[in-house]
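What follows is a set of notes on a single structure, which appears directly below.
The values are calculated or read from the model by the stated rules, or taken from the named source; none is laboratory data. Remember, it's a predicted structure, so these values are computed and weren't measured experimentally. A quick note on method: Cβ atoms are made from the backbone with ideal geometry, for glycine too, and the neighbour counts reach across all protein chains shown. Heavy atoms of the whole protein, side chains included, go into the accessibility calculation; ligands, DNA and RNA do not. Shrake-Rupley method; radii C 1.70, N 1.55, O 1.52, S 1.80 Å.
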Amino acid sequence: MSTRILAFDTTTELCSVAVMINHSIYDNKIIAPRSHSENILPMINQLLIEVGVALQSLDCIVFSRGPGSFAGIRIGVSVAQGLALGADLPLVEVSSLEVLAQGAWRIFSVKQVISTIDARMGELYWARYHRMSDDSCWICSDNESITKPEIIVKKIIYSGSQKLQGNWALVGTGWNNYPILKCIRVPGVIGLKKSVMSPEAQDMLPLGICSWRNKIFINPNQVQPVYLHNVVVVKTNDI
C-alpha cells in the first residue's frame with residue numbers, strides 16, 4: 001500500500017520537516033531560534049516540491065503536540081491545523097519526548113531512553129521510555145513532566161526497583177546544560193549513550209505511520225497542545 005506522510009517539528013530551536021513516500025524518507029532541517037513562523041511553511045512547500053508530492057495527495061500530517069517551547073508548539077499546532085483543514089487531511093499527534101526516544105533508537109539502537117528538553121528557568125521536560133523489541137512501540141515508564149535536574153538525578157540513581165539497568169541512552173537538549181546532568185554516572189548501567197539532540201521530523205514518521213495505520217488520528221479541532229507549565233510567560237520576540 002502506497003504511503004505518503006508529512007511530519008514537521010517546531011518545539012525546539014531546530015525547525016525540521018520530513019516526508020515519507022512508501023519506505024523512503026526525505027527531510028530538511030535548520031537551526032532557527034525565534035524564526036520558526038517564517039521558516040516552517042516555506043520548508044514544507046519546498047520539500048513537497050522537491051519530492052513531487054502535492055499536499056492534497058498525502059495520507060496524513062504528523063505534528064508534535066509538545067512539550068517544548070510555548071511559541072514553537074503554538075506555531076506547529078497552528079500550521080498543522082491550517083494544512084489539515086485546507087487539504088482535508090487527518091492529523092496524527094506525537095510527543096516531542098517520544099520523538100527523541102525514536103531518534104536514540106535510530107542512532108544508537110538502544111531500547112531504553114531518558115528524553116529531556118530544556119524548559120529554561122532551571123527545569124526540564126522529561127520522560128523515560130522503553131520498547132520490548134525492534135519493531136514494537138515505545139512505552140512511557142513515567143508521565144511526561146517538568147522538574148528540576150536534581151530531581152531527575154534522584155529518580156535515576158535512587159529509584160529503588162526502577163533503578164536503571166542494562167543499556168540506556170540519555171538524549172535531548174537538557175543533558176549538557178546543567179552540570180549535575182552533564183557529568184552523570186549511573187551505577188548498574190552497562191552501556192550509557194548520551195546525545196544532545198533535538199526532536200527531528202524524520203523520527204516522527206515511524207511513530208506517526210503506526211498511529212495512522214491503526215486509525216489513531218484526530219481532526220484539527222481536536223488538537224490539544226501539551227505545555228506542562230502551569231504558568232507560561234510569552235515574549236513577543238519568541239515567535
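Numbers below:
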{"quantity": "So VAL51, is it surrounded by fewer than 16 Cβ atoms within 10 Å (Cβ to Cβ), of a type outside the set (Lys, Arg) and touching a strand residue (DSSP E or B) at 6+ places or on another chain (Cβ under 7 Å)", "calculated": "yes"}
{"quantity": "Residue, nearest to the chain's Cα centre (by Cα), within segment 54-81, restricted to residues that are buried (at least 21 other Cβ atoms within 10 Å of the Cβ), of a type in the set (A, V, I, L, M) and assigned to a helix (DSSP H, G or I)", "calculated": "ILE73"}
{"quantity": "Selection status of MET132, exposed (fewer than 14 other Cβ atoms within 10 Å of the Cβ) and closer than 18 Å to LEU164 by Cβ", "calculated": "yes"}
{"quantity": "Search result, residues across segment 33-48 that are open to solvent by 50 Å² or more (accessible area, probe 1.4 Å) and closer than 23 Å to THR116 by Cβ", "calculated": "PRO33, ARG34"}
{"quantity": "Condition broken by ILE30, with the remaining ones in (1) open to solvent by less than 50 Å² (accessible area, probe 1.4 Å); (2) part of a strand (DSSP E or B) satisfied", "calculated": "(1)"}
{"quantity": "Residue list for segment 165-219, restricted to those being charged (D, E, K, R), in contact with a helix residue (DSSP H, G or I) (Cβ under 7 Å, 6 or more places away or on another chain) and open to solvent by 20 Å² or more (accessible area, probe 1.4 Å)", "calculated": "LYS193, GLU200"}
{"quantity": "Residue that is surrounded by the most Cβ atoms within 10 Å (Cβ to Cβ), among those in segment 82-96 that are in a loop (DSSP other than H, G, I, E, B) and not polar (S, T, N, Q)", "calculated": "LEU89"}
{"quantity": "Test: residue in segment 153-164 that is open to solvent by 50 Å² or more (accessible area, probe 1.4 Å), without any contact (Cβ under 8 Å) to a residue 12 or more places away in the chain and farther than 17 Å from LEU181 by Cβ", "calculated": "yes"}
{"quantity": "Residue that is modelled with the lowest pLDDT, among those in segment 140-188 that are part of a helix (DSSP H, G or I) and charged (D, E, K, R)", "calculated": "LYS155"}
{"quantity": "Among (1) more than 19 Å from TRP212 (Cβ to Cβ); (2) outside any strand (DSSP E or B); (3) open to solvent by 10 Å² or more (accessible area, probe 1.4 Å); (4) out of contact with any His (no Cβ under 6 Å at 6 or more places or on another chain), the one test that GLY103 misses", "calculated": "(3)"}
